[in-house]
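In what follows, a single structure is set out as C-alpha cells and then discussed.
The numbers here are math on the coordinates, done by the rules we state, and not lab data. As the structure is a prediction and not an experimental result, all values here were calculated from the model. With ideal geometry, Cβ positions are generated from the backbone for all residues, glycine too; neighbour counts draw on all protein chains shown.
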Amino acid sequence: DQQVKQNSPSLSVQEGRISILNCDYTNSMFDYFLWYKKYPAEGPTFLISISSIKDKNEDGRFTVFLNKSAKHLSLHIVPSQPGDSAVYFCAASASGSARQLTFGSGTQLTVLP
Amino acid sequence: EAGVTQFPSHSVIEKGQTVTLRCDPISGHDNLYWYRRVMGKEIKFLLHFVKESKQDESGMPNNRFLAERTGGTYSTLKVQPAELEDSGVYFCASRAGGYGYTFGSGTRLTVV
C-alpha cells in the first residue's frame, strides 16, 4: 500500500500564476518531508524540505506547508515560470529508518507561457 | 565536486539475460542507496549501504537482484536472470549525513 500519495498526476498552470502541488501520507512515523524536482533523463534534485515540528518553510518562490493533523503537505510555487515544468515528487522519511525515503508517484507540472 | 554517476544510462536486454548497473557515489559519502521507478509510478527504495555494509535491503524485490559495494566506494546492482517486470529506471543516491541526498541520472533498463 502506498504510504505517500500524490493524487494529481498532472497540473497545468499559466506563467506567473501560483502552482499548488499536493501530497498526502498515512504513516504517522514520518517526521521529515521533502520535495524533489525531476527533469526528463535526469535524477531527482532536491527542492525544499520541512521538519514535522514546523508547519511552513519558505525558500524564494517555493513554500512548503505541512498539516500534521490532516497528514497533508503542499508545495506552492509563485510566480510559476516555464522552467518549473517538471515532475515533482513528494517524499517522506522517518527517524531511525536510516533516512530511507518513501516517495509519491509524482505530479507533472506544466507551466504555460 | 563530481555528482553521483551511473552507467550505463540505458540498457536493453532480453529476458533471461544478466545486467549489471554501476553507481559511483560522491567521494566521501558513506551512505549509498538504490531506488527504482517502474512504469511511471512512485520511486521505490531497494537497499541502503553504509560504507561496504548492507544496512537495509528490505526493498529488494527478490533474489534475482544482488547489490555489492566492495571497499565502500562504487556499487553494482546485478539482475540475473532479468524478467520483463524488472524494466524501469534505477536510481542511485548518496548521502554524507543529514538529509542531503544526491541522486544520479539513473539507468533506464528495458527487458524485452
Select, from A:19, A:74, A:80, A:49, the only residue that is small (Gly, Ala, Ser) and over 14 Å from the mean Cα position of the chain (by Cα). A:80
Checking residue A:49 against (1) touching a residue at least 40 places away in the same chain (Cβ under 8 Å); (2) among the small types (Gly, Ala, Ser); (3) assigned to a strand (DSSP E or B), which test does it fail? (1)
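Would you check if residue B:40 is more than 14 Å from chain A (Cβ to nearest Cβ), more than 14 Å from the chain's Cα centre (by Cα) and either in a loop (DSSP other than H, G, I, E, B) or surrounded by 18 or more Cβ atoms within 10 Å (Cβ to Cβ) (or both)?
On the way: more than 14 Å from chain A (Cβ to nearest Cβ): no; more than 14 Å from the chain's Cα centre (by Cα): yes; either in a loop (DSSP other than H, G, I, E, B) or surrounded by 18 or more Cβ atoms within 10 Å (Cβ to Cβ) (or both): yes.
The answer is no for residue B:40.
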Working only within the range B:45-80, note down all residues that are in a strand (DSSP E or B), in contact (Cβ under 8 Å) with a residue 12 or more places away in the chain and more than 14 Å from chain A (Cβ to nearest Cβ). B:65, B:66, B:67, B:75, B:76, B:77, B:78, B:79
Search the range B:81-106 for residues being more than 14 Å from the chain's Cα centre (by Cα) and assigned to a helix (DSSP H, G or I), and hand back the single one that is surrounded by the most Cβ atoms within 10 Å (Cβ to Cβ). B:85
Within the set of pairs 6+ apart or on separate chains, which have a first residue in the range B:85-101 that is at the interface with chain A (Cβ under 9 Å from one of its Cβ atoms) and without any contact (Cβ under 8 Å) to a residue 12 or more places away in the chain, a second that is part of a strand (DSSP E or B) and of a type in the set (A, V, I, L, M), and C-beta atoms under 8 Å apart? B:99/A:34
Residue hits (the range A:40-65; more than 10 Å from every other protein chain (Cβ to nearest Cβ), of a type in the set (A, V, I, L, M, F, W, C) and surrounded by 12 or more Cβ atoms within 10 Å (Cβ to Cβ)) are A:47, A:48, A:50, A:62, A:64, A:65
Residue B:30: of a type in the set (D, E, K, R) and closer than 16 Å to residue B:103 by Cβ, yes or no? no
Assess whether residue A:104 counts as being at the interface with chain B (Cβ under 10 Å from one of its Cβ atoms), within 18 Å of residue A:8 (Cα to Cα) and small (Gly, Ala, Ser). yes
With criteria (1) under 25 Å from residue B:93 (Cβ atoms); (2) not in a strand (DSSP E or B), residue A:17 comes up short on (1)
